[in-house]
């Protein structure tokens, strides 16, 4: 009897301890990413045959991507252009146009030259205002081509070559037979200049979009003032989710925004989200 | 009454009955009081509503003003005038008439405030007789109120000498939905002021016909204030009429001519006839001038006027029904229409956007041209990718213009087929189809996959996304785990520059360079420029003192075999001679004490002799061994000498 019980107890203990380990260890970002991609693929597959099942899969996919981005107490959040882009896709196919536009804009701000980001952002915008969707007007300059290199690496190159150029120049001032050649200093300065200049467009974009926000609610009624009882609706038609606005003022639970037609309106602060992630 | 009953002396003999009656009386009194107080509790006492009209008697065709005054609220709800019949109603606006004032008389402060709002309407009676404006309901502070009914007497205007009004139409027999131009001509025989036109029943809409604005009679480039035209309010909208002179019945009149487009909705009841009008014009006719008084300004109007109303004859139109059945795609266009179509470009690759512009030309008003659904055009949907949704036209003079983006579906497409617009031709009394000419196209094959779905406004990027075959027309997601690798999104340039790496790389190297440059500059300048005499003297003194300090340190240690006096004398001699050489900018080597002292004397230095004497003593000690003084004595004397020499050289400068 004791011999028969021993394996059962051991197996039970193994299962319990395994489950406990599983419960304790949160899924890694890599695991979550794999699950999110799989859920997206499943949702995309079901789009034409089972719309409700597709929507459920896509919503799950979006939730997993969000989990990767926000992170947990144990694992820091990950932020990258591909993550925002994938998340935008998941939201767009699941019908949440507002959040789709928001995440495509976040990806666009970080990498404006991404053709895929621009294409899908255009599709998302067309769902909101079919007549207003415009072609991508991003200027493709040589400096912007460097956007493919991560900004942190470009900054490291800039800082290193900048310091090198100054130190070589200082050494050259001291003279002597081992002083560095002018060409060496010039090369370091040119590399530093290019790397530093390539950071400027990104910085300008971040500054220009600092007040940009997107309506994430499906529809929201704008008001003439920060109260939905004391102030009448303006404009009378609700603002659609995905409408891109510019934040002018925040006052408690309300935000004053500039709408695409340049008019101003108050929206509930919870109905919009800034393009630049906090 | 009940209270009196409770006080009836006859009841005093029965205390029990008196108690019961007293209780009943109390209950009844409280109930009555509650009933009486209920309205007062339910609504604020200071709310009042009232309606007034001015004037209470009006000619048919003239308008009266209805005011609904609300006291006790600054923002009441708008009154409900839906039950008002017999008038065309035009809302003129509302006004907050609240005010407050504070008076202080003999130190006593009194405050008076009033909250109120006034709604104003223009009412134009549509028939003669006594009309009753029913109680007007409105909600104030959440409570319903209503005004008292008002009676308005509307009388038929009599014949007015010198004025006539004519209402005419281009044709009196037309089809339901067919637009026809009607003309209102006012013949004016004398001066008038403050006029208004009305056509009973036209303002409400939803009746037998619509009276729509006609094209602006002013030719392009007409300046503002051109006397040939006059602008006024007609049926609540601004209208432009032509001014001219015309002869009628042998009399010359000034005329005001206003054109409108009448569109009958349906055949009239009873023989298909509908009546339009009679139209009216109400005005102040100038009947004379009063005597100008001393209180009048130069430009004050002194005309005496009388209110007049002139009516036209009614316009009777025969409205015919459209033949049944209507052809497929008929959207109610009635008149004679033509269609023109252009495309740009006409040589494309498969899937390239083509801007198709369709112009529908026909009678005004062209705002009635319905949206054009290209997807329903025969032959077009098979060969082209088309927008799913119909688009509204842009109305230009004489044409309704549609602009759409279409894309050829294959390289076998050779033309854009005729765009067809069904309409009812009133000339022939039959349905017809206006067709554009086919537009030849040259479509080249391409390896790119043809787009699916809605192509309106599709960008190249979107198209490329669709070509990549992503779900829902989207570019596909990124599934590589490398997508997680980048944390570049969180990179902040400002923070990086403020961090230790930023400061170390960006601020420190330029700082080092500047320090180096400064040092090199100073060094080179010092090497290039000779010092000034004063600087030379200071440096000479400092150097000599330094040598003397060295001499003072040396002599205690010199005891190991060497003669400290000898060593001290040598150092002192070198310091003093060096000082003299430095001061005089001479080489130290070879300068003897005698030579130095002689040159100092030439400069008028009094202590030159002392210097010669001290140097002589040092020489004697060094070469003759004639002195037996302590080494410290020579050093101290040399210090004192140097100080004196420095002071004297400074004084002799």
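The values are calculated or read from the model by the stated rules, or taken from the named source; none is laboratory data. None of these values were measured; they are calculated from a predicted model. Cβ coordinates were reconstructed from backbone atoms using ideal geometry, including for glycine residues, and neighbour counts include every protein chain displayed.
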Legend entry - Selection count, the range B:371-417, where residues are touching a residue at least 24 places away in the same chain (Cβ under 8 Å), closer than 18 Å to residue B:360 by Cβ and assigned to a helix (DSSP H, G or I): 3
Inset, instruction - Check the range A:45-56 and report whether any residue there is surrounded by 24 or more Cβ atoms within 10 Å (Cβ to Cβ) and free of Cβ contacts under 8 Å to residues at least 40 places away in the same chain. - result: no
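Results for (1) facing chain A (nearest Cβ under 10 Å); (2) at pLDDT below 80; (3) more than 22 Å from residue A:109 (Cα to Cα), shown as yes or no for each residue.
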site	(1), (2), (3)
B:446	no, yes, yes
B:451	no, yes, yes
B:466	yes, yes, yes
B:470	yes, yes, yes
B:480	yes, yes, no
B:492	yes, yes, no
B:504	yes, no, yes
B:527	no, yes, yes
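Residue-wise test of (1) touching a helix residue (DSSP H, G or I) at 6+ places or on another chain (Cβ under 8 Å); (2) surrounded by 11 or more Cβ atoms within 10 Å (Cβ to Cβ); (3) modelled with pLDDT of 85 or more.
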| position | (1), (2), (3) |
| --- | --- |
| B:102 | no, no, no |
| B:114 | no, yes, no |
| B:119 | no, yes, yes |
| B:128 | no, yes, no |
| B:145 | no, yes, yes |
| B:149 | no, yes, yes |
| B:152 | no, yes, yes |
Inset, instruction - Considering every residue within the range B:179-199, establish whether at least one is in contact with a strand residue (DSSP E or B) (Cβ under 8 Å, 6 or more places away or on another chain), closer than 27 Å to residue B:366 by Cβ and surrounded by fewer than 18 Cβ atoms within 10 Å (Cβ to Cβ). - result: yes
Inset, instruction - Report, by residue number, each residue of the range B:265-281 that is assigned to a strand (DSSP E or B) and within 24 Å of residue B:60 (Cβ to Cβ). - result: B:268, B:273, B:274, B:275, B:276, B:280, B:281
Inset, instruction - Could you check residue B:242 against (1) within 47 Å of the chain's Cα centre (by Cα); (2) surrounded by 11 or more Cβ atoms within 10 Å (Cβ to Cβ); (3) in a loop (DSSP other than H, G, I, E, B); (4) without any contact (Cβ under 8 Å) to a residue 60 or more places away in the chain and say which number it fails? - result: (3)
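Yes/no per residue for (1) within 12 Å of another protein chain (Cβ to nearest Cβ); (2) over 30 Å from residue B:517 (Cβ atoms):
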residue	(1), (2)
A:171	yes, no
A:174	yes, no
A:181	no, no
A:185	yes, no
A:209	no, yes
A:219	no, yes
A:222	no, yes
Legend entry - Subset of the range A:139-158 [at pLDDT below 90, part of a helix (DSSP H, G or I) and either surrounded by 21 or more Cβ atoms within 10 Å (Cβ to Cβ) or more than 9 Å from every other protein chain (Cβ to nearest Cβ) (or both)]: A:142, A:143, A:144, A:145, A:146, A:147, A:148, A:151, A:154, A:155
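Residue B:328: modelled with pLDDT of 80 or more, in a loop (DSSP other than H, G, I, E, B) and more than 14 Å from chain A (Cβ to nearest Cβ), yes or no?
No; evaluated as a whole, the condition is false for this residue.
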Inset, instruction - Answer with yes or no whether residue A:232 is within 30 Å of residue A:162 (Cβ to Cβ) and within 14 Å of chain B (Cβ to nearest Cβ). - result: no
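With respect to residue B:461, is the statement that it is at pLDDT below 85 and more than 24 Å from residue B:382 (Cβ to Cβ) true?
yes
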Legend entry - Residues of the range B:397-410 that turn out to be closer than 27 Å to residue A:126 by Cβ and more than 14 Å from every other protein chain (Cβ to nearest Cβ), as a count: 7
Inset, instruction - With the condition kept exactly as written, say whether any residue in the range B:299-319 is without any contact (Cβ under 8 Å) to a residue 12 or more places away in the chain, assigned to a loop (DSSP other than H, G, I, E, B) and under 30 Å from residue B:273 (Cα atoms). - result: no
Legend entry - Subset tally (residues that are over 32 Å from the mean Cα position of the chain (by Cα) and surrounded by fewer than 17 Cβ atoms within 10 Å (Cβ to Cβ)) for the range B:374-398: 8
